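Structure first, then comments.
The values are calculated or read from the model by the stated rules, or taken from the named source; none is laboratory data. Quick caveat: nothing in here was measured; it's all calculated off a predicted structure. Cβ atoms come from the backbone with ideal geometry, glycine included; neighbour counts cover every protein chain shown.
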Amino acid sequence: MAKILLVEDNARDVEITLANLRNSGVDASVQVVRDGEQALDYLHRRKEFALRSAEGPDVLLLDVKMPKVSGLEVLRAMKSDPVLRNIPVILLTSSREEQDLAAAYQWGAEGYLIKPVRPEQLAATIAAVTGGAISASR
Amino acid sequence: MTHCAVSNSERYERSHASRYPLLLFSSGKRNLTPDMSRPTRVSLLLVVISAMGWADYVSGPDIGFSLFYLIPIVVAGWWEGSLAAYVTSVIAAGAWFTADLLWRGPDTLAVSSWNGFTRLAIYLMIGQMMARLRADREQLSRVNQELEAFSYSVSHDLRAPLIHMREFGEMLTQRVSGSLDEISRRHLQNIVDASNDGLELVDDLLAFSKLDRTAMKRAPVDLSPIVEEVRSELDARSVNWLVNPLPVVTGDASMLRVVIRNLLENAVKYSRLAAQPRIEIGSFRLDGSQVVFVRDNGVGFDQQYSAKLFKVFERLHSSDEFEGTGIGLATVKRIVERHGGRSWAEGRLGVGATFYFTIP
């Protein structure tokens, strides 16, 4: 089963994103971590056991504004890592600041969604960045 | 008497101009009166200095500043040994204080004659002024940075709870609306609508607050394709459009797009109750600049309120009649002003409205 790593500090946002994934029929298991530091820990731990095999996520849904390590910092760290850079990253943010959008694409993000995100929009973006590996079942 | 003003074109510097002295040069005649005794000179100097100190104490915490400039002037006059020089110095100090105290206009400083000391004093003064200007500029850029951080925080932290209200409201509606009575359903819908309005307001406000802070990229901009693009984005199928050729102006394309978008959105919104909505876009020349107008046959407005239209948050209709945040036309005005142009409106209740703007 395809895996999604959701990195989100706000419990309400976690719930909304999970509901959106469910409502759009995305067929994947979702692992949630609550800030950028945890996300990097999680990714690096799995890297030891050959990330691309069974353990690693197929796509990251990454909030931008988080305590300690921000989403943009996670993105930057991932995209400068030879193994982690292959995981597609979709940034999810409440902010409409264009500086974040520009930085995200400059550092190699595959997708960028501004909340509120419609379920279909989320599913379509996930399908696009994973090359159809994760798609909505309905 | 000739005078030269230390003036600056920047608006921010203009607002600070009252803090920088205006220089007045006088070609005072020398040695008209016999030399004064040394004690007289010293006491005169002390009188001037204490007067300055007192005046500055009253007018603001700038004692060091005026002493710094005036002492060399007074000393210059003293060195020349002419009573005219003393008198001029004292008048200078008086003029400065009066200007500072009474009018808060440009500070005034007169120097008795153009000699080495006055020149030195003026160099020192200019140096000090530059330092103040630099300090002010640094403060301004610090404030701007804080504002940037503030708007970033507002953008995220104020939007997030509104989004949550909206999303959970919608989820709740989906789950339970079938089992709810009419009133409860309406309450729920109001929660979702209100959070949507809040989101729209936050977004508009942030965009408006950014207008002054974003750098303008000036280039030739053809307005016609922008109008076509915006029209295609609007839901205005029932509108009868009359689009005349529009000029190519020099300005920031994305900002001008916002102007066109706001004006067309308004025209569509306020004419939607007309039997046959009709919107005309065109341009003409007036006093050497191109005027672009957007005319609709909508609800219009009472001409006496036309100035209010362009003020932020001012609306002539309740949001029950016509939705909106009252920021659109303020945005139009701000953008047009940044281009050095002007915007105004003409309207008649029940007949329609015409909005004009010029881009020189």
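Just one of (1) modelled with pLDDT of 90 or more; (2) within 13 Å of chain B (Cβ to nearest Cβ); (3) touching a Lys or Arg at 6+ places or on another chain (Cβ under 9 Å) fails for residue A:64. It is (3).
Filtered by the rule that a residue be farther than 30 Å from residue B:206 by Cβ and of a type in the set (A, V, I, L, M, F, W, C), the stretch B:121-153 gives B:121, B:122, B:124, B:125, B:126, B:129, B:130, B:131, B:133.
Taking the criterion of being polar (S, T, N, Q) and surrounded by fewer than 17 Cβ atoms within 10 Å (Cβ to Cβ), the only residue of the stretch A:30-51 that qualifies is A:31. Applying the criterion of at least 1 residues that are aromatic (Phe, Trp, Tyr) to the strands (runs of 3 or more DSSP E) found wholly in the stretch B:205-254 leaves B:240-243. Scanning the stretch A:1-41 for residues that are over 17 Å from residue A:64 (Cα atoms), assigned to a strand (DSSP E or B), touching a Leu at 6+ places or on another chain (Cβ under 9 Å) and not polar (S, T, N, Q) yields A:26, A:30.
For the structure I just gave you, tell me whether residue B:119 is out of contact with any Asp or Glu (no Cβ under 6 Å at 6 or more places or on another chain), at pLDDT 90 or above and either within 11 Å of chain A (Cβ to nearest Cβ) or assigned to a helix (DSSP H, G or I) (or both). Criteria not met by residue B:119. On inspection, residue B:154 does not qualify as in contact with a Gly (Cβ under 9 Å, 6 or more places away or on another chain) and within 12 Å of chain A (Cβ to nearest Cβ). Within the stretch B:162-184, the set of residues being within 12 Å of another protein chain (Cβ to nearest Cβ) and surrounded by 15 or more Cβ atoms within 10 Å (Cβ to Cβ) comprises B:162, B:163, B:164, B:165, B:166, B:167, B:168, B:169, B:170, B:171.
Residues in the stretch A:77-102 that are within 14 Å of another protein chain (Cβ to nearest Cβ) and either touching a His at 6+ places or on another chain (Cβ under 7 Å) or over 19 Å from residue B:156 (Cβ atoms) (or both): A:94, A:95.
Number of residues in the stretch A:4-29 that are away from chain B (no Cβ under 14 Å), surrounded by 17 or more Cβ atoms within 10 Å (Cβ to Cβ) and at pLDDT 90 or above equals 4.
When residue B:313 is tested against the conditions (1) closer than 29 Å to residue B:215 by Cβ; (2) out of contact with any helix residue (DSSP H, G or I) (no Cβ under 9 Å at 6 or more places or on another chain); (3) among the aromatic types (Phe, Trp, Tyr), the lone failure is (2).
Only one of the listed residues (B:159, B:185, B:218) is under 22 Å from residue B:323 (Cβ atoms) and without any contact (Cβ under 8 Å) to a residue 40 or more places away in the chain. That residue is B:185. Candidates are the residues of the stretch A:103-120 that are exposed (fewer than 14 other Cβ atoms within 10 Å of the Cβ) and over 27 Å from residue A:81 (Cβ atoms); the one that is nearest to the other protein chains (Cβ to nearest Cβ) is A:118. If I ask for residues that are touching a residue at least 24 places away in the same chain (Cβ under 8 Å) and of a type in the set (Gly, Ala, Ser), which ones from the stretch B:304-345 would you list? Those that are touching a residue at least 24 places away in the same chain (Cβ under 8 Å) and of a type in the set (Gly, Ala, Ser): B:306, B:319, B:324, B:328, B:330, B:341, B:343, B:345. Would you check if residue B:148 is facing chain A (nearest Cβ under 10 Å) and touching a residue at least 60 places away in the same chain (Cβ under 8 Å)? When the stated conditions are applied, residue B:148 passes them.
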